[in-house]
Amino acid sequence: MMIDELAKQPGEWLNGQGPMSDIVISSRIRLARNVAGFPFLPKATTEQRKEIADLLHARIDAHATNQQWQYVDIAAIDELDQRVLIERHLISRQLADAPGAHGVSISGSGAASVMVNEEDHLRIQVLRSGMQLDEIWDEINDIDDRLEDKIDFAFHPRYGYLTACPTNVGTGIRVSVMLHLPGLKLTGEIERVFRAAKDMRLAVRGMFGEGTEASGDFFQISNQVTLGRTEEEIIDDFKHLVVPKIVDYENRARQALVQEKPLALDDRIWRSYGILCNARTISSEETMLHLSHLRLGINLGRIKLLDLPTVNELFLLTQPAHLQKVHGARLNGEQRSSARADCIRRRLSQVGNN
């Protein structure tokens, strides 16, 4: 099954490549669309939700001709498989919990997905590693155009694309970047970013999006305004203003740590390495924290035993659902902590022996 195979592979958006990949973990663009002639989902009946899902499933399959896309009926898979897709950022928690008919179409690379009956009838998204918004925009714009050739989207000549939430009306675009900001966190400057983001009408969330706390010094930053601006203008703001400014703040914080507290910095990095190499049980939260320190150490050249793809891979493969899928069994909390520690020790040992 596709999900079983996905769970054993690192996510494309965590391959450690792309511009600014030392700080920009991944980039994502999402488009919200609704089918004309149907009510928004909060007002749709169970029968209408099924009609929408059946219609979109057929249209998406038509779009996917000669491409390796696969449609997954979310209601037909178990909770663990749903969690795997959430951890890979291919679906949202809201889609997993949605009532009635709902599903997702996933590209062969696992870097693009089209959610059906989440908050809107359609949520199209593409992710890539590093800062690749132009490339993502070209890809998602092509997907959107192909689908719009087969689907009549709800559109107003003055207001643009119509969506269930007023904040998405207009372009329906959400641009987001996932940033690794340990320098700002360790120097106590992270609030500076939050204040700047608020002033620029940006949303700051945790690794798994809305309603999640930051873990492992990862933060998602996304636009909140879609009306009155073009997609290109919003993307350009991220490319030339938002991300470069935050990256500059983070680089300055990292250099301050190197220059002013090198011993404390190395101690933190190597303690994390020692814990991960030797722990017999470890939680998700502690794992994220220590992997964050290792990632910082790699990027600053303080630790040369590891590479970025290995650490990025462990961020994903040690998440609860992935851990259980790879292990091949349902695990309680204590068992997950033990299996996670085993997984980390084994992977770090493999890298250390190469």
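List of remarks:
So that you can scan it fast, the table gives a plain yes or no per residue for (1) part of a helix (DSSP H, G or I); (2) in the same structural domain as G170 (by TED's automatic domain parsing); (3) more than 18 Å from the chain's Cα centre (by Cα); (4) of a type outside the set (F, W, Y):
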| site | (1), (2), (3), (4) |
| --- | --- |
| H293 | yes, no, yes, yes |
| K304 | no, no, yes, yes |
| N312 | yes, no, no, yes |
| A321 | yes, no, no, yes |
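- Filter pass, L331 being in contact with a Cys (Cβ under 7 Å, 6 or more places away or on another chain) and farther than 19 Å from L181 by Cβ: no
- Residue in the range 295-302 that is in contact with a helix residue (DSSP H, G or I) (Cβ under 8 Å, 6 or more places away or on another chain) and of a type in the set (K, R) present: yes
- As for the range 242-253, it holds at least one residue that is among the aromatic types (F, W, Y), under 23 Å from L181 (Cβ atoms) and in the same structural domain as G183 (by TED's automatic domain parsing).
- Pick from the range 219-231, criterion at pLDDT 90 or above and within 21 Å of the chain's Cα centre (by Cα), ranking: nearest to T171 (Cα to Cα): E231
- Of the residues making up the range 293-340, those that are modelled with pLDDT of 95 or more, surrounded by 22 or more Cβ atoms within 10 Å (Cβ to Cβ) and not charged (D, E, K, R) are H293, L294, L296, G297.
- Residue within the range 40-52 that is at positive phi and either more than 15 Å from the chain's Cα centre (by Cα) or assigned by TED's automatic domain parsing to the domain that holds I143 (or both) present: no
- If you go through the range 101-121 and pick out every residue that is on the phi > 0 side of the Ramachandran plot and at pLDDT 95 or above, you end up with 1.
- Residues that are outside any loop (DSSP other than H, G, I, E, B), within 21 Å of S26 (Cα to Cα) and of a type in the set (D, E, K, R) do not occur anywhere in the range 260-278.
- L331 farther than 19 Å from W270 by Cβ and outside any helix (DSSP H, G or I): yes
- Figure legend. Inter-residue proximity from the range 141-166: first residues within 23 Å of A112 (Cβ to Cβ), second residues basic (K, R) and surrounded by 15 or more Cβ atoms within 10 Å (Cβ to Cβ), beta-carbon distance below 7 Å, spacing 6+ or different chains. Indicated pairs: L147/R59; K150/R59; I151/R59; F153/R33; Y161/R33.
- Entry remark, the range 140-170: residues being more than 14 Å from H121 (Cβ to Cβ) and part of a loop (DSSP other than H, G, I, E, B) number 5 in total.
- Of the residues making up the range 280-292, those that are surrounded by 19 or more Cβ atoms within 10 Å (Cβ to Cβ) and closer than 14 Å to R345 by Cα are I282, T287, H290, L291.
The values are calculated or read from the model by the stated rules, or taken from the named source; none is laboratory data. Here the structure is a predicted model, which is why all the values come from computation and not from measurement. Note: ideal-geometry Cβ built from the backbone for every residue, glycine included; neighbour counts use all protein chains shown.
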